[in-house]
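Please read the structure below before turning to the comments.
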Amino acid sequence: MTLSGKVIFVALSVLVICTAATFYTAPLTTLWLNNIHWLSTNTACLTLAVLGYLRASPAHRPFKRWFVIGALAYFTGGLLWVFEVFTRHADFPEQSDIFYPLMGPCLIIGFIIALRSQLSHSKSWAFIIDALSFSMAILGYILISYLPKSADVTPLQLAVLTAYPVSMLSAALVSLLLIPYLRPTWMMPWLLLSAGLTLEGLCWMQWNLNALNHLPQTSLWTNAGFSVADLLIGGGLYGWQIRTALQGAYHQQCRRLRNWIPLIAFVFGLSSLLVVWWQSGPHPYAYHVVIVSVVSTLVFSAIRQSILLGESEKLLRAEKRLAEKDKEYLQLSRTDPLTGLHNRIAMLNMLEHAVINGASDSGMVTLLILDLRHFQSINDSFDHKTGDAFLREISQRLQYINHECGELGRVHGDKFALIISQHKTDTQLMQLARNLCSIVHKPVLINDHELILDACIGISMYPRDADNAEQLTRNANTALTHAKRSSQPFLFYSKEHTRQAQNRFTLDIQLRKAIKKQEFFLHFQPIFSLGKEYPPRIASVEALIRWKTPKGETICPADFIPHAEQSGLIVPIGEWVIAEAFRHLSLLIQSHGQPIGLSINISPRQFRDHHLPLRIAEQLKRNALPPALVTLEITESAVFEHEEQALEILQQLKATGVRISLDDFGVGNSSLFKLKHLPLDELKIDRAFMVDVPESSADTEIVSTIVKTARILGISVVVEGIETQAQLDFLRTTECDCIQGFLLGRPMPIENIQALLKQTQDSSTA
């Protein structure tokens, strides 16, 4: 049993024992028995109030503190009453009469503090006025009940007698009035407190009426009622708390009840008038009391309604402003703030309506999605303000050409969409797409900078390409993606585009699984030193990645490396290749006993990763490899696309001690002049130059010139694609450093490389 339960059990036991004993005792003993159970229940009420304060949250303690003060005042009154009975004081009023009635006002103050913590200022004042209205009605009712019997009492005594029931009954009504205002989840403590205060007020009213009628205070039910009321009050004070219910229907009922409160108070005041009329020979001042009570109730009701009317006007003004803001937000939610065009949400809604109308009218809907090529370069080279100004200018141009064509919107970043609901032939759409690309391509002058970009467009039509707006949008985006890859200004959607997109998606999933499950493996192709010895000696090996699926199928690198490069998966794949190749090289050197070089291909995206030099250095240290044995092959496109950034990364790689090779030289936009500015160790001539050597005199001369120029610059040369003896004999005359090709060695497992090295070593020894 909890401490509060023990307190209630002890006090209730004392009450039952004392009440039962009064049936068999003399009047003087009965008086003391009543005082005993009164004092025990007063103590229990105070104890429960203190326990409720201690268990309350910090937010509830301010009003709980007033509950404790009220219970303490009532307990003090009880102690003084016992002292007065013990000393046989017969004066009225006594000191106890000061403390007893204080409990009601203290509880009301606590109620108001609780209310103000939850409601607005105006609603709190409305509640206070409602409480005053009911208090005035209760005061009037009690006065007209007391006045006919108060001929031989002083005004002070009448005031004290009236204060007892008025304070308790007013507190009880205020507690009930709080329910529709605060909407508590658990109302049992509220009802216990209201019932206890009502019983306490009624018992004091009966006690005072007996005193005015000079009757003995021997009523068993009145005397026991005081103690029962104390326990009810204590239980209510212990559990009373604010937890607002969340049910909408309950809130609505409470709101309706609040609107009826002034009328209930007014009817309660009028009932006092009916009591006066029914009484025979009422007190002369009874009519005045009733009139004051009713008029006060009316005045308070008028004040309350004026306060709530002002609150309602504020709410109406706030709702009006909110409606205006909602309208503005709705407009903003459908408009792109930068260009003033329709945004993505608005365009999707319009496209859906256009497709629905096209389905009902057997019409056609065309969606064009336009994207600006390399728009990010404007933001990177200048700033976002320049990019925004460029987009605004382009949007104005598109609006001009699109004036009578359809609905135009900006759907994402540098991407615009055009919805055409009119029937147009493919030729007309092609001409429109050319016009759009042409008007975008015209120079834009911003802050004395002349900016020029190209546009690419994807075109999809309903019902030819799609059955709904979502599919139409997806197909237009697919066509746009293929237009970007094909470098064409515009493309119509075809089913082949979807098939290719699905294949790319499937490949992407398979690649991610392959990375996770490590389905890749390495082959190594030997690179031979072209010296005087014959056959040529293996100088190094090139690591080449292979992919074997769980089904046993080996996928060619040309089928998955381009997609891995585009999707960014090449970075984790490249990291695995570096780690695995370094591990194999370390084992190869340990088994062979002589140093051998290793060449690794670095993809363009991997090359742009600023963490690449650090990863290379970590792997060199982990495998204890001399950096000079490792050659990183980097393609022309990766180096010369962003030369300044590439030069910085190349210098960081050189700082690790590795060698740098320019791969596929001659197929890009590089030149021999640019080579002297790069920290290169090796030049790898692309196999395309060797296809017609030595039959083609032009290709023969080009290869010879490259080799001679590279030697002048101090750069070694590797020629790949050697597949015939004639090509090998020609390269011997050019003083080329190294060669690579199927003639001398195909890509093979590392075990075959070890066997080949052992065979070469044995032949040289022999």
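No value in this document is a laboratory result; all are computed from the given coordinates. The structure displayed is predicted, hence computed values, not measured ones. Positions of Cβ are backbone-derived with ideal geometry, glycine not excepted, and every protein chain shown enters the neighbour counts.
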Cross-link partners of LYS513 among aspartates and glutamates (Cα-Cα below 17 Å; sequence separation of 8 or more within a chain): GLU553, ASP559, GLU565, GLU575
Amide H contacts of GLU519 (H built 1.01 Å from N, under 5 Å, at least 5 apart or other chain): none
Net length gained if the chain between HIS610 and LYS708 were fully extended (0.36 nm per residue, minus Cα distance): 31.9 nm
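Under the 0.36 nm per residue contour assumption, what length would be gained going from the current alpha-carbon distance of GLN502 and THR25 to full extension?
Between GLN502 and THR25, full extension yields 161.7 nm more.
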For the range 480-521, alpha-carbon Rg over 2.2 N^0.38 Å: 1.56
Residues of type lysines that LYS758 reaches as a straight line, Cα spacing below 26 Å, ignoring anything fewer than 8 places off in the same chain: LYS532
Summed residue charge, Cβ within 9 Å of GLU735's Cβ, Lys/Arg positive, Asp/Glu negative: +2
All Cα pairs of the range 489-613, percent lying beyond 23 Å: 46 percent
Per-selection Rg to Rh, the range 578-675 - Cα, Kirkwood hydrodynamic radius: 1.00
Chain lengthening between ASN447 and GLN761 when straightened (0.36 nm per residue, less Cα-Cα): 106.2 nm
Cross-link partners of LYS385 among lysines (Cα-Cα below 30 Å; sequence separation of 8 or more within a chain): LYS325, LYS327, LYS415, LYS442, LYS484
Cβ-Cβ FRET estimate between SER487 and ILE401, R0 fixed at 30 Å, reported to 0.05: 0.85
Packing-based order for 191-197, 619-625, using average beta carbon neighbours within 10 Å, highest first: 191-197, 619-625
For the range 612-766, radius of gyration divided by Kirkwood radius, i.e. Rg to Rh on alpha-carbons: 1.00
